[in-house]
1. Rolling a 1.4 angstrom probe over the protein heavy atoms, how many square angstrom per residue are accessible across the range 26-126?
2. What are the membrane-span-like helices in the chain by this rule: whole DSSP H runs, Cα extent along the axis at least 15 Å, mean Kyte-Doolittle hydropathy at least -0.5?
3. Relative contact order of the chain, please, whole-number percent, based on alpha carbon pairs below 8 angstrom and at least 6 residues apart.
4. Work out, step by step, the length gained on full extension between Met40 and Ser96: first 0.36 nm times the residue separation, then minus their alpha carbon distance; give nm to one decimal.
5. Tally Lys and Arg at +1 and Asp and Glu at -1 over the other residues with C-beta under 13 Å from the C-beta of Glu120: what net charge comes out?
6. Compute for the chain: radius of gyration divided by Kirkwood radius, i.e. Rg/Rh, restricted to C-alpha atoms, rounded to two decimals.
7. Which percent of the accessible heavy-atom area of the chain goes to carbon and sulfur, probe 1.4 angstrom?
8. Charges only on Cβ, +1 for Lys and Arg, -1 for Asp and Glu: so what's the dipole of the chain about the Cα centre, in debye to the nearest 20?
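The values are calculated or read from the model by the stated rules, or taken from the named source; none is laboratory data. Everything quoted here is computed from the prediction, not taken from an experiment. Cβ placement follows ideal geometry from the backbone for every residue including glycine, while neighbour counts extend to all protein chains displayed. Remember, those area values only see protein heavy atoms, side chains included, never the ligands or the DNA or RNA. Shrake-Rupley method; radii C 1.70, N 1.55, O 1.52, S 1.80 Å.
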Amino acid sequence: MNRIFHARTAWYHYFLLIVLGVNVVAALWSKQGVLSIIFMLLLVVIIEQIIHTAYTVTADDMLIISNGRFLKKQTIPIRDITAVRKHHSMKFGRFSITNYVLIDYGAGKQASAIPVKEQEFMELLEKRRKEL
């Protein structure tokens, strides 16, 4: 049975939505039609990516990272995964900007994920890895 983990919406997604929204309004206000259409299209792509990002662990031991309909899905065999660990981006004292799950696989390849249930996601991948 497939297990689907939805992506957590990070602070920088909200920031990007606000910046693009302000640019759309500014372009419309200054009567820049082409520029406003470009910003609107970017806004649609980003919203779609935020809503439809999911991480699927399949019954045939594959991890599928889907970043929306407009981007290519990334398929990783679980047997190729060498490490799954919680990681963080730059820190300021005890404050970390972004926490995510870092997946090492293949020959030095890495993928990152920000699932809502990070601990369950990591435990499931580790369990499946050990079964193989």
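1. Details: 6300 Å² over 101 residues.
Accessible surface, normalised per residue, equals 62 Å².
2. Values: long enough: 11-29 (27 Å, 1.65); 33-52 (28 Å, 2.40); 118-131 (20 Å, -1.82).
Correct list, ordered by number: 11-29, 33-52.
3. 21 percent
4. Details: separation 56, 0.36 × 56 = 20.16 nm, distance 3.12 nm.
Contour length minus the Cα-Cα distance gives 17.0 nm.
5. Surrounding charge for Glu120 is +3.
6. 1.08
7. The computed percentage sits at 62.
8. In debye, rounded to 20, the chain gives about 180.
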